[in-house]
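Just below is one structure, and these are the notes that go with it.
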């Protein structure tokens, strides 16, 4: 399993950024997203809406105590990657993360909000930077997952599917076979 | 030159997403960002603030008529890449875009807002998808630029610089030499 933990979600400030984090997670092979901060039904619904239409089994779940959550994951043997502009260049560690995944270990990728508690830098197995410049947790997550997992190709039970075209939009409604 | 055009910026809805687009552009080697939609001094200031502190020569400029702007770029010989979930898989075209850049041609990368006028699909040299799933213009731009340009390493005249660390944060204030 590869899961994302989005820290410190705020309404309304992070509504779209957090949604983009979740959808990037889904598109690049993560299994689901946990988030802390403010519980946000609207955020959960927009992600679930995409999953419902475009398929796959991506989950979104709220977690009240994010640090306790990560500690528990570690106890359960999960490998914790914290994406931060202050970390080590991720390109040096992609191989290590891939090996962890290939060994069958689960990975949780922590992406920050505005202020990240110092404990996350301590508890994480790796603090990795997609460049040491301020840019975007969405961009960092996308590039990191793209390198580690690549684009996900299969989305089970999709109702709609986009067929990539040179020009214009082609969307196919998928007919379901009855069991 | 590699520039980004962000279509249809809206206040307050797109404030953070557009800022992330600009900062991703800067971090992954673009020279600047144009945006259409609503003129937004706050957006411009947050991007300029980052450039001022972290260096480089990234510009941000408003353009009132985005379609006319792209037509003019084309007349001037620019190559136009439109990133859209409806496009052809970008991974098939990275080589072509790199060749265009190596030949010395300038490239403008168009990233959509909520609604993209059909003309952009027609006028663009390539309509490319970073996956045909709905996710994020920030994520798509990051992955596309990462593949085409890689991470930018040099930022001229930076006042502050982050030194990537295994744990914690290390920020260095850069002393300028007098001329």
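Just so you know, all these numbers are worked out from the coordinates, no wet-lab data involved. The shown structure was predicted, so the numbers you read here are calculated from the model rather than taken from an experiment. Every residue, glycine as well, gets a Cβ built from its backbone with ideal geometry; the counts of neighbours run over all protein chains shown.
The figures follow:
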item	result
Cα centroid separation - the range B:140-179 against the range A:1-72, whole Å	28 Å
Packing-based order for A:33-40, B:20-27, using average beta carbon neighbours within 10 Å, highest first	B:20-27, A:33-40
Among beta bridges that DSSP assigns inside the range A:2-173, antiparallel share in %, nearest 5	10 percent
Two-site FRET efficiency, residue A:41 against residue B:123, from Cβ-Cβ distance with R₀ of 41 Å, rounded to 0.05	0.55
Peptide B:157-168, shielding by other chains (average Cβ, 10 Å cutoff)	5
Where only C-alpha atoms are counted, convex hull volume of the protein assembly as shown per residue in Å³	149 Å³
Chain B: angle of helix B:137-148 to the longest principal axis, Cα-based, in degrees nearest 10	80 degrees
Label-point gap, in nm, between residue A:169 and residue B:115 - each point 7 angstrom along Cα→Cβ	1.1 nm
Two-site label geometry, residue A:13 and residue A:160: point separation in nm, points 7 Å out along Cα→Cβ	3.3 nm
At 0.890 mPa s and 25 °C, Stokes D of chain B from Kirkwood alpha-carbon radius, µm² per second	144 µm²/s
Bridge type composition, the protein assembly as shown - antiparallel percent by DSSP, nearest 5	10 percent
Position residue A:163, label points 7 Å along Cα→Cβ, spacing to each other copy in nm (shortest first, one decimal)	5.7
Rough spin-label spacing in nm, given labels placed 7 Å along Cα→Cβ, for residue B:64 and residue A:65	5.8 nm
Within chain A, helix-based [θ] at 222 nm, where runs of 4 or more DSSP H residues each add -39,500 (n - 2.57), nearest 500	-10500 deg cm²/dmol
Reference-scaled alpha-carbon Rg (2.2 N^0.38 Å with N residues) for the range A:29-99	1.34
